[in-house]
Amino acid sequence: RRRHQRAHHRPGRVAEAHRHRRVQGHRGRRRLKTVGVFDSGVGGLSVLRALLAELPGTRFVYAADSAYAPYGERTAQDVSQRTERITALLRERHGIDALVVACNTATAHAINELRQHHPDLPIVGVEPALKPAAALSRNGHIGVLATRGTLGSARVAALRDRLVEASPRPLHFSFQPCDGLAGAIERHDLPTIQNLSERYVQELQQADAAIDTVVLGCTHYPFVQDQLAALCGADVTLVDTGVAVARRTREVLATLPATSQSNTVNGAPLLLSSGPPEALAQAAQRWLGLGVSASPLFD
Ligand code: DGL
């Protein structure tokens, strides 16, 4: 930047400064780190939003597996295979330096295996925010909204059991699977979103009327946070994970060595979808104000 300013203030030196910079570009300039962000569909955009705020100067490649969404009602094996396939593609074609699995369901089913298969790739996962919720709750009564797959996974059960055991006060977690809700958000089907939100919040309240904290355990749900908050009532705190995941990603990137290859293009994230690319571009515009087009994930 100093060089740029000098060139700006001394017009006679512009050409020379440019030539100098181009040479530097291939040798000494630091390459932007590329982070892959992956979800079953548009939900991971809620994580991308936090990542863009936390890590300006990072290149993001967002992969939505919308042709296979929702993952929440698929088998663990299916989700694991899709996660593996998309990770391989992001590595081979897009040269990612790190991966954010911006999907609770894929994290729950696939992250252990993924880390085994890619020991050289830093991978950040997303888990329902049970621990922050336990810290925030006044009375220890916590509701968790997530997909059936996430809530049925051994990983999330183990997380709950660890917290209950370690807590000095009793903790009561009520798990509420929200079949169809991620799919309705994916399609931007507003009447279904409203119906399902009403139904699941009601079921949660019936399960435990004392709940004062609700975890949004699916990355699609922050996009319907207003509806959920209105249904839960003003005394209930909603907790999501986007900001915590973005901070963790920053820590992980800081441990990576700076590379000296030629630079990649900075700017807006690259958006890729296995479903209709326009639907992803529209969601990114609607929720993140990103005016970029999207491309097919696979040829
Ligand atoms: N957004 C995902 C999650 O966080 C998956 C939703 C789905 O595809 O069912 O769990």
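Here are the numbers for this structure:
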read-out: Residue list for the range 155-170, filter: over 19 Å from Asp240 (Cβ atoms) and away from the ligand (no atom under 16 Å from the Cβ); value: Ala158, Asp161, Arg162, Val164, Glu165, Ala166, Ser167, Pro168, Arg169, Pro170
read-out: Qualifying position, being closer than 18 Å to Leu216 by Cα, within 14 Å of the ligand (Cβ to nearest atom) and of a type outside the set (Asp, Glu), among Ala135, Ala108; value: Ala108
read-out: Residue match in the range 234-247 (condition: open to solvent by 50 Å² or more (accessible area, probe 1.4 Å), in contact (Cβ under 8 Å) with a residue 60 or more places away in the chain and acidic (Asp, Glu)); value: yes
read-out: Ala106 being in contact (Cβ under 8 Å) with a residue 60 or more places away in the chain, of a type in the set (A, V, I, L, M, F, W, C) and outside any loop (DSSP other than H, G, I, E, B); value: yes
read-out: Which listed residue, of Leu181, Leu121, is away from the ligand (no atom under 15 Å from the Cβ), closer than 21 Å to Val245 by Cβ and either among the charged types (D, E, K, R) or in contact (Cβ under 8 Å) with a residue 12 or more places away in the chain (or both); value: Leu121
read-out: Ile211, sole failed condition from (1) assigned to a loop (DSSP other than H, G, I, E, B); (2) within 14 Å of the ligand (Cβ to nearest atom); value: (2)
read-out: Of residues in the range 73-105 being away from the ligand (no atom under 12 Å from the Cβ) and hydroxyl-bearing (Ser, Thr, Tyr), the one surrounded by the most Cβ atoms within 10 Å (Cβ to Cβ); value: Thr87
read-out: Odd one out for Thr249 among (1) under 14 Å from the mean Cα position of the chain (by Cα); (2) of a type in the set (Ser, Thr, Tyr); (3) not in a helix (DSSP H, G or I); value: (3)
read-out: Qualifying residue in the range 48-62 (condition: within 12 Å of the ligand (Cβ to nearest atom), buried (at least 23 other Cβ atoms within 10 Å of the Cβ), in a strand (DSSP E or B) and at pLDDT 95 or above); value: no
read-out: Residues satisfying the stated conditions in the range 63-91, i.e. farther than 15 Å from Phe298 by Cβ and aromatic (Phe, Trp, Tyr); value: Tyr71
read-out: Verdict on Ala268 being at pLDDT below 95 and either under 21 Å from the mean Cα position of the chain (by Cα) or over 27 Å from Leu32 (Cβ atoms) (or both); value: yes
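The values are calculated or read from the model by the stated rules, or taken from the named source; none is laboratory data. Quick caveat: nothing in here was measured; it's all calculated off a predicted structure. Note that we place each Cβ from the backbone using ideal geometry, even for glycine, and neighbour counts take in every protein chain shown. Accessible surface is based on the protein model in full, side chains and every heavy atom, while ligands, DNA and RNA are left aside. Shrake-Rupley method; radii C 1.70, N 1.55, O 1.52, S 1.80 Å.
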